[in-house]
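J.: Right, I'll just put the structure down here and ask away after.
Laboratory data are not the source of any read-out in this text; all were calculated from the coordinates shown. Computed from a prediction, not measured in an experiment: that's the story for all the values here. Counting neighbours? That spans all protein chains shown, and the Cβs are built from the backbone with ideal geometry, glycine included.
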Amino acid sequence: MSVPGRAAAHVLVVEDDPHLAAGVMENLRAEGYQVRAAGDGEQALAWLATNTCALIVLDVMLPGADGLTVCRTLREQGNSTPVLFLTARGDPADRVRGLEAGGDDYLAKPFHLQEFLLRVRAILRRWEWYRSATSATAVLRFGSNEVDFRAFRARAWNGEVQELTEKEAMILKVLAEHAGEIVSREDLLERVWGYDVFPSTRTVDNFILRLRKRFERDPASPRHFLTVWGVGYRFLSEGEP
Amino acid sequence: MKATRVVQLTALALVAVSGVQVGWWLLDQHAYTVEKVRVARAAYAQQTAAAQALLDSGSSAQQVRELLPGIIVVGGRAALAPELTQALTTEEQRRDNQYAWEGSFFLLALALCVAVITRALRAEARVHEEQDSFLALVSHQFKTPLASLQLSLETLALRTPPPQLARTLIERMLADVARMELMVTQILESARLERGRVDFRAEPLQLSGAVARVLGQLEERARAQGVSIASDIAPELRVMSDPLALDVVVRNVLENALSAVQGSGGGTIALAAQAANGEVELTVRDSGVGFPPGNSARLFEKFTRLHGSSGGYYGTGLGLFIVRRLMQLAHGRVSAHSDGVGRGATLTLAWPLAAQSALAQGPAVAQEPGP
């Protein structure tokens, strides 16, 4: 069971419990990933300052700087490496906190091995897609907006420079790939989040609202991000006449 | 629980309202007295005026005095007798004084009630909070070994690991189970100690014997982890303690030292004891991960784990809490010192020295006073 079709992805495991760290690492290795361990947040940040990896498996309760802080620090530094949180606290409020800190997914301890591996694979697959899709066309122009997918930065029609979150960039990418076609909310959820991280498709609506606010001259009557009632969204790069 | 709280809050509200009422009553009484004195003065003023009118109409001073006994006549002018003026002022002061004393007594009593009820409410809230955080912490502490156990089992189920790895997994699982068992034991021990339900019988005990017993249990683990333990305790040193408590204390302290040393990848633990000032002092010095010097007091609190960073530390956060409680019961003391993270730590334990002749007199029994 190796990762199909590409060189082994590097995964950084940040976990202070040696047994759990060893178990997670053995399994990731068995799946064909290259694995690297860090015992606490400082070690992880120090390693990431000079190295890159495809995914960070991050324990929330760490000695010193906790996982949420580590993730927030990374995002502030402009590091968009996907993060899968592992935590002993699994209630919804903690999930939301993890995702707000910039995490991609959230798994409560004790977790099922297969589910963990599935989630790792799903996150890597989404990013693989995003990277390959953006390597062909790194810049998207629509209206007077210009989006740089790789820098997660955009210049809006009014000249304002916008920093995009990874999810916003991914949604934009999915919509742009299917410009002119209808994309359902479920498709967007599946492509961008992949899992039941968010409970409802309402989340997608909120992200569309944010994109409209960023890129539409009049967010109340959008010309690029159109709602198709009852189905989903349609993106028009030329703008609706 | 909820009903008690309602009763307590109602009582608090009633007492507070009573306080306000007493305050109001005081003001009212004061106003009433002032008013009464004013009315009396007005009445006397009328009498004085009437007396003056009589005098003016030709009545003699003698007649006026007989008609109006409170009036004196000085040089053809009617005036109120000075003792009456004095009596009015005195009466006003006396009443105000009385209200001030009575009022402050009531207010003081009510304030006391408020204080007592508030204290009770606060204490209850604190107990609740502690219970909640205790449960949260306990369940959180269990999740890590549980997650590790599940992971190992699922790894065995999912793959067919080579014998070497299978061996490792099984050992890891056994260690996880041992870890959870230790946690259960310590949680029960600490719960018992907290409620104060302990039968603590102090008797003279040979310290070196207890240390040797515990070392015997930990020897193999220490060797496997590259930790060398040196013990230098004179066999004649005897301490006053409960035999079970002494074993638990020594075991917890040594487990703690072992974990700290293991966390820094092997090292040494040195035990030494001496008698001084009616005490036997045992020092346990390790070359382990240490802790920030300012944190030595926190070390003995529940669920404090100061051993940072990666390593093999599996503490439950209860071991040293139990040690401190048991040392209190033994009328001894315990303290910790470290020069900083990564620079080792020293734990100092002191028990009352058992008299050399104690054995001849038979074991002394000291009963811990009940809760």
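J.: What order do you get for A:Trp129, B:Trp351 when you list them from fewest to most C-beta neighbours inside 10 Å?
T.: Values: A:Trp129 15, B:Trp351 27.
Starting with the residue having the fewest Cβ neighbours, the order is A:Trp129, B:Trp351.
J.: To continue, here is another question. In which sequence would A:Ile182, B:Ile117, B:Ile71 go, from the one with the fewest C-beta neighbours within 10 Å to the one with the most? Intermediate results must be reported in sequence, preceding the final value.
T.: On the way: A:Ile182 13, B:Ile117 18, B:Ile71 22.
Exposure proxy ranking, most exposed first: A:Ile182, B:Ile117, B:Ile71.
J.: Express the relative contact order of the range B:2-128 as a whole percentage, based on alpha carbon pairs under 8 Å and six or more residues apart in sequence.
T.: Working: 74 pairs, mean separation 49.0, N = 127.
Averaging sequence separation for qualifying contacts and normalising by length gives 39 percent for the range B:2-128.
J.: List A:His224, A:His10 from most exposed to least, where exposure is judged by having the fewest other Cβ atoms within 10 Å. Numbers along the way, then the final one.
T.: Working: A:His224 22, A:His10 16.
With the fewest neighbours first, A:His224, A:His10 line up as A:His10, A:His224.
J.: Continuing with this model, one more query. Exceeding 28 Å between C-alpha atoms, which entries from my cross-link table qualify? They are A:Lys109/B:Lys302; B:Lys2/B:Lys143; A:Lys109/B:Lys2; A:Lys167/B:Lys143.
T.: Where the Cα-Cα span goes over 28 Å, the pairs concerned are B:Lys2/B:Lys143; A:Lys109/B:Lys2; A:Lys167/B:Lys143.
J.: Can you tell me the 0 to 90 degree angle between the C-alpha axis of helix A:18-30 and the longest principal axis of chain A, rounded to 10?
T.: 60
J.: On to the next question. Would you mind giving the mean number of other chain beta-carbons within 10 Å of the Cβ of each residue in A:100-113, as a whole number?
T.: Details: counts 0, 0, 0, 0, 0, 0, 0, 1, 2, 10, 11, 4, 3, 9.
That average works out to 3.
J.: Kyte-Doolittle mean at least 0.0 and Cα extent at least 20 Å along the axis: which DSSP H helices of chain B qualify?
T.: Working: long enough: B:2-56 (80 Å, 0.42); B:82-158 (111 Å, 0.07); B:163-195 (48 Å, 0.07); B:207-224 (26 Å, 0.08); B:243-263 (30 Å, 0.80).
Span-like helices, by this rule, are B:2-56, B:82-158, B:163-195, B:207-224, B:243-263.
J.: Right, next: Within chain A, what percent of beta bridges assigned by DSSP are antiparallel, to the nearest 5?
T.: Numbers: 17 of 34 bridges.
In chain A, DSSP labels about 50 percent of beta bridges as antiparallel.
J.: Sticking with this structure for a sec: With a sphere of radius 15 Å drawn around the Cβ of A:Asp148, what net charge do the other residues whose Cβ falls strictly inside it have (Lys, Arg +1; Asp, Glu -1)? List each step's numbers first, then the result.
T.: Numbers: positive: A:Arg131, A:Arg141, A:Arg150, A:Arg153, A:Arg155, A:Lys173, A:Arg214; negative: A:Glu146, A:Glu160, A:Glu163, A:Glu166, A:Glu168.
Within the 15 Å Cβ shell, the charges total +2.
J.: If the chain between B:Val20 and B:Glu130 were fully stretched, how many nm would it gain, using 0.36 nm times the residue separation less the Cα-Cα distance? It would help to have the intermediate numbers written out before the result.
T.: Numbers: separation 110, 0.36 × 110 = 39.60 nm, distance 3.49 nm.
The B:Val20-B:Glu130 span can extend by a further 36.1 nm.
J.: Run through the DSSP bridge list for the protein assembly as shown and note the antiparallel percent, rounded to the nearest 5.
T.: Working: 49 of 72 bridges.
Within the protein assembly as shown, antiparallel bridges account for around 70 percent of the total.
J.: Separate question: Between A:Leu117, A:Leu58, A:Leu68, where does the largest GNM mean-square fluctuation fall for chain A, given springs only between Cα atoms within less than 10 Å?
T.: Taking springs between Cα atoms under 10 Å, the residue moving most is A:Leu117.
J.: OK, next. Express the relative contact order of chain A as a whole percentage, based on alpha carbon pairs under 8 Å and six or more residues apart in sequence.
T.: Details: 354 pairs, mean separation 28.7, N = 241.
Reported as a whole number, the value is 12 percent.
J.: Please state the relative contact order of chain B as a whole percent: Cα pairs under 8 Å, 6+ residues apart?
T.: Relative CO of chain B lands at 14 percent.
J.: Still on this model: Please give the residues of the range A:49-81, grouped as numeric ranges, whose backbone N is less than 12 Å from a label point set 7 Å along the Cα-to-Cβ vector of A:Ala151.
T.: Label zone hits: none.
J.: Each label point is 7 Å from the Cα along the Cα-to-Cβ direction; what then is the distance between the points at B:Glu66 and B:Thr10, in nm?
T.: That separation, rounded to one decimal, is 7.0 nm.
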